[in-house]
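Before any comments, here is the structure.
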Amino acid sequence: MTCPGCLKKNQNGYCRKCRKELFNGKNVDAILPFNSPYSEENQIFLDHTKRISISGVQIKYSLQLVDDQLQLTDTGGQYIIKPIPTGTFSNLDQAPANEHLTMQMAKQVYKIDTPPNALIFFSDQSPAYITRRFDRVKGKKLQQEDFAQIARMTTETHGANYKYDLSYEEIVEYIQNYIPTYRIEIEKFFHLILFNYVVSNGDAHLKNFSAIQTRDGDYVLTPAYDLLCTKFQAPNEADLALMLFKEGFSKAYESYGFYTYQDFWEFGQKIGIKRSRVEKILYNYLVPQPLAGDLIQQSFLSAKSKELYKSYYADRIHRLNMGRS
């Protein structure tokens, strides 16, 4: 058996560590007491549709923990659950396991700050991705803004594709102006862009990065969220959702046709990170990490999807090594 949280071997359900991180130590079952929203008995979900938020093809529901049991709720939710999405994209049945694996790789392999998360299963065995909300402390909602909001970009002001209308370099400029500890946060952001590249996440747009208010009243970047290998669903999409540089592609990109070491080397320095730190951060992404391979193998992806994930991961690391002097 594998823990549906950390993907380590466990006798049954969530391990003790995952129960503590995700459910405050409560003995929550990995199987929900109701069927998926796509089953015939889905009235329980229809009763909560007024609180659904839709991002692309992904439907999200809000849950609260009552005693040892998770329940759907309209208000005061502590968790977000994402069942298998609907739509015309490929491999959608793999989406929950895909997001869960990618979030665990971010946390365990690359030490990126992420909210507690896991896979969970409906009574009909359909999987869903579950994550604990990080914008609530003791029932109080913390002020949070994504970078589309910070940049004051909406469909009304910038059109339907507004989420893709800035570069990652321009997001850094907002971080510098908006976050007092920007030097620390920019390094975190650089890590996250590199991670998105090596796991083939081509949909990390403006709304997938946010700043959140601390107890002291200032702002920091939120934990990473919505991380997944989007090549499963859209194999022909761009390598990154946004361009690295606001002035367009580099000479290295024009030469190779994709981002390589030189692009991220230049990007890291351009956004104000010291050369020695850029080198150190990049080094972590230049070789396939053994733990990443273990997590892929232990994940809840299908056998075919595991092989695809491994090949995408290896290909991106190969690309990242090109252009090194």
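Select from the stretch 137-156 the residues that are farther than 27 Å from I271 by Cα and loosely packed, with under 14 Cβ neighbours inside 10 Å and list them in ascending order.
Selection gives V137, K138, G139, K140, K141, T155, E156.
Being crowded, with 19+ Cβ neighbours inside 10 Å, without any contact (Cβ under 8 Å) to a residue 40 or more places away in the chain and aromatic (F, W, Y): is that true of Y182 here?
In short, yes.
Just to be sure I understand the filter: pairs with C-beta atoms under 6 Å, separated by 6 or more residues or on different chains, first member in the stretch 12-33 and assigned by TED's automatic domain parsing to the domain that holds I120, second member surrounded by fewer than 18 Cβ atoms within 10 Å (Cβ to Cβ) and of a type in the set (D, E). Which pairs pass?
Close Cβ pairs (under 6 Å, with a partner that is surrounded by fewer than 18 Cβ atoms within 10 Å (Cβ to Cβ) and of a type in the set (D, E)) amount to K26/D68; N27/D68; V28/D68.
So, Y182, is that one closer than 22 Å to Y309 by Cα and either modelled with pLDDT of 95 or more or in contact with a Gly (Cβ under 9 Å, 6 or more places away or on another chain) (or both) or not?
Answer is no for this residue.
Cβ contacts < 7 Å: first residue more than 27 Å from N91 (Cβ to Cβ), restricted to the stretch 309-325; second residue not in a helix (DSSP H, G or I), any location; separation 6+ or different chain. Result?
From the stretch 309-325, the pairs are N321/L286; M322/T260; G323/T260.
Where in the stretch 25-144 are there strands (runs of 3 or more DSSP E), lying fully within it, with 2 or more residues that are at pLDDT 95 or above and within 16 Å of the chain's Cα centre (by Cα)?
79-83, 117-121, 127-132
The values are calculated or read from the model by the stated rules, or taken from the named source; none is laboratory data. All of these numbers come straight from a predicted model, not from anything done at the bench. For neighbour counting, all protein chains shown are included, and Cβ atoms are generated from backbone atoms with ideal geometry for every residue, glycine included.
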